[in-house]
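Heads up, the thing below is written out as structure tokens.
No lab work stands behind these numbers, since they all come straight from the coordinates. Model, not experiment: these values are computed from the prediction. In this analysis, Cβ positions are derived from the backbone assuming ideal geometry, glycine residues included, and neighbour counts consider all displayed protein chains.
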């Protein structure tokens, strides 16, 4: 199992919409997340930053992420959630900027 964390800025004027979308995530999106070997997926919000965390239980993360990106339902979902987000200046080429794990304890 691998842990992944990433961060993106939430546009303040989109917070209500973003919360509403995530209060009713489409079942097809949830199914794709699970089929792509993602478990314990969580998004936190603090001071305008969204922090995501998930545990990956598969053996080919790149292939699973490519399958997710190719999924039409996921693409449609991202068309709704993407405009709510603002990429970080330090990672302009990534929607969600990956974070480095510096500590973990079970």
**Report entry** FRET E, pair residue 72, residue 52, Förster distance 30 Å, beta-carbon r, rounded to 0.05
**Finding:** 0.85
Query - Normalised per residue, the volume of the convex hull around the Cα set of the stretch 2-98 (Å³) - result: 100
Query raised in the report: At a Förster radius of 22 Å, what calculated FRET efficiency corresponds to the Cβ-Cβ distance of residue 91 and residue 13, to the nearest 0.05?
Result: 0.50
